[in-house]
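The values are calculated or read from the model by the stated rules, or taken from the named source; none is laboratory data. Source: prediction; values computed, not measured. Positions of Cβ are generated from backbone atoms using ideal geometry, with glycine treated the same way; all protein chains shown enter the neighbour counts. In case anyone asks, the SASA skips ligands and DNA or RNA and just uses the protein heavy atoms, side chains included. Shrake-Rupley method; radii C 1.70, N 1.55, O 1.52, S 1.80 Å.
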Amino acid sequence: MKILITGANGLLGQKLVRQIIEENVFEAIPSGLGESRLPEDLKIQNWLTLDIQNRDQVMAEIGKMKPDYIINTAAMTNVDQCESKKEACKELNIEAVKHLVEACEKYEAHLIHLSTDFIFDGENGPYREDATPNPVNFYGWTKLEAENVIQKSSIKWSIVRTVLVYGIANDMSRSNIILWVKDSLEKGETLQLVNDQIRTPTLAEDLANGCLLIAQKQAVGIYNISGKDVLTPYEMAMQTAAYFGLDKTKIKETDSHSFTQDAERPMKTGFIIEKAIADLGYSPKSFMDGIGILAKQLKLANY
Ligand SMILES: NC(=O)C1=CN([C@@H]2O[C@H](COP(=O)(O)OP(=O)(O)OC[C@H]3O[C@@H](n4cnc5c(N)ncnc54)[C@H](OP(=O)(O)O)[C@@H]3O)[C@@H](O)[C@H]2O)C=CC1
Ligand SMILES: Cc1cn([C@H]2C[C@H](O)[C@@H](COP(=O)(O)OP(=O)(O)O[C@H]3O[C@@H](C)C(=O)[C@@H](O)[C@H]3O)O2)c(=O)[nH]c1=O
């Protein structure tokens, strides 16, 4: 059975490729923009350059590879940039998904698509799978539109919703909360962290495992795949500082009225993951154990 991963140079993509190779249940077809940035030790021989915004390329390559599953991790994930580059955000997060749906319809592949807590307004999280979406930023709106395109189609689909993914990958195109908190504190910088937003931060390895459990069990529908600890960004930063023995006094507690970003963030999100635990046997790490896994990888990579 073959799994094609889109955006395989990304944080989740790299973890998926590694897990598929290590578990040796499926054959991985890693794909992405440009050249592979996957770690050398994976000895990737079958990298596929695939721009999912290019419909003809998608139809031709999927037609050639005939994957049993497509895990779509590719997206414009810089939330603030999505506010200022709406057309680019729509092209990648919605139009490109239509190409994948068309290819899955024609070649009968099961689409496992990554979505987000940002489809919700954050009024009353953590959320179950049947909660009513109501995005508060453009990124969230595009991810909800993509969900609607998929759910209206006739393909075999699974939607994996996740939250605030953290981890370390090779040659990353964007950072994540543990890394930028650790790096900033190591440089002696002062940080402001909000104490009124709620998340269930997700270790990238756990997210990859959740996606592969869905493939193994051929599970369809919506699954919340996130961490199990409900934390504010302030609490995440304090736990990160404690773990790495960094100066907690440089972390200033603030709130979302004083600390704003270009794109509005939903206040209280996070996910209830009972369905994934019951249906899939999904079992995520605690936040502190997740930091420990990341710390080991940082040491190995001599960060
Ligand atoms: N990170 C998070 O906190 C969360 C992520 N998600 C969702 O999970 C998924 C994976 O997230 P994450 O791994 O963090 O994302 P990343 O930003 O790390 O990876 C996305 C990848 O998509 C690639 N890409 C961009 N444009 C194209 C294209 N046209 N064709 C093919 N690939 C393309 C990027 O390539 P390049 O590296 O060359 O730029 C990048 O490698 C996304 O769908 C995201 O919406 C949901 C909730 C939280
Ligand atoms: C940069 C920064 C963020 N924060 C807070 C705001 C926010 O809730 C949280 C994370 O902020 P960031 O801007 O790093 O991450 P953010 O862009 O909010 O991450 C989002 O990425 C997309 C892809 C998703 O799908 C979402 O689930 C979510 O993970 O930390 C602070 O408190 N202080 C800061 O200096």
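Identify the single condition in (1) open to solvent by less than 30 Å² (accessible area, probe 1.4 Å); (2) away from ligand 2 (no atom under 12 Å from the Cβ); (3) under 19 Å from the mean Cα position of the chain (by Cα) that ILE119 does not satisfy, given that it satisfies every other one.
For ILE119, the failing item is (2).
Answer yes or no as to whether ASN93 is among the polar types (S, T, N, Q) and assigned to a helix (DSSP H, G or I). First the steps, then the outcome.
Numbers: among the polar types (S, T, N, Q): yes; assigned to a helix (DSSP H, G or I): yes.
So ASN93 passes the test.
Please work out if ASN137 is more than 22 Å from LEU246 (Cα to Cα) and touching a helix residue (DSSP H, G or I) at 6+ places or on another chain (Cβ under 9 Å). Write out each step before concluding.
Working: more than 22 Å from LEU246 (Cα to Cα): yes; touching a helix residue (DSSP H, G or I) at 6+ places or on another chain (Cβ under 9 Å): yes.
For ASN137, the condition - more than 22 Å from LEU246 (Cα to Cα) and touching a helix residue (DSSP H, G or I) at 6+ places or on another chain (Cβ under 9 Å) - is met.
So if I check each of ALA204, ALA208, which one is open to solvent by less than 20 Å² (accessible area, probe 1.4 Å) and over 27 Å from THR260 (Cα atoms)?
That would be ALA208, the only listed residue that is open to solvent by less than 20 Å² (accessible area, probe 1.4 Å) and over 27 Å from THR260 (Cα atoms).
Could you list, in sequence order, all residues of the range 177-192 that are within 16 Å of ligand 1 (Cβ to nearest atom) and crowded, with 17+ Cβ neighbours inside 10 Å? Spell out how you get there, then give the answer.
To start, the set of residues in the range 177-192 that are within 16 Å of ligand 1 (Cβ to nearest atom) comprises 177-181.
The answer is ILE177, ILE178, LEU179, VAL181.
Under 8 Å between Cβ atoms, which residue pairs at least 6 apart in sequence (or on different chains) link something in the range 142-171 that is open to solvent by 50 Å² or more (accessible area, probe 1.4 Å) with a partner that is among the acidic types (Asp, Glu) and modelled with pLDDT of 95 or more?
SER154/GLU105; LYS156/GLU108; LEU164/ASP117
Can you confirm whether MET76 is surrounded by fewer than 23 Cβ atoms within 10 Å (Cβ to Cβ) and touching an Asp or Glu at 6+ places or on another chain (Cβ under 9 Å)? Full working, then the answer.
Values: surrounded by fewer than 23 Cβ atoms within 10 Å (Cβ to Cβ): yes; touching an Asp or Glu at 6+ places or on another chain (Cβ under 9 Å): yes.
For MET76, the condition - surrounded by fewer than 23 Cβ atoms within 10 Å (Cβ to Cβ) and touching an Asp or Glu at 6+ places or on another chain (Cβ under 9 Å) - is met.
Looking for whichever is in contact with an Asp or Glu (Cβ under 9 Å, 6 or more places away or on another chain) and among the hydroxyl-bearing types (Ser, Thr, Tyr) here; the options are THR249, THR260, THR269. Which one fits? Let's see the steps before the verdict.
Working: THR249 fails: in contact with an Asp or Glu (Cβ under 9 Å, 6 or more places away or on another chain); THR260 fails: in contact with an Asp or Glu (Cβ under 9 Å, 6 or more places away or on another chain).
THR269 is the lone residue from the list that is in contact with an Asp or Glu (Cβ under 9 Å, 6 or more places away or on another chain) and among the hydroxyl-bearing types (Ser, Thr, Tyr).
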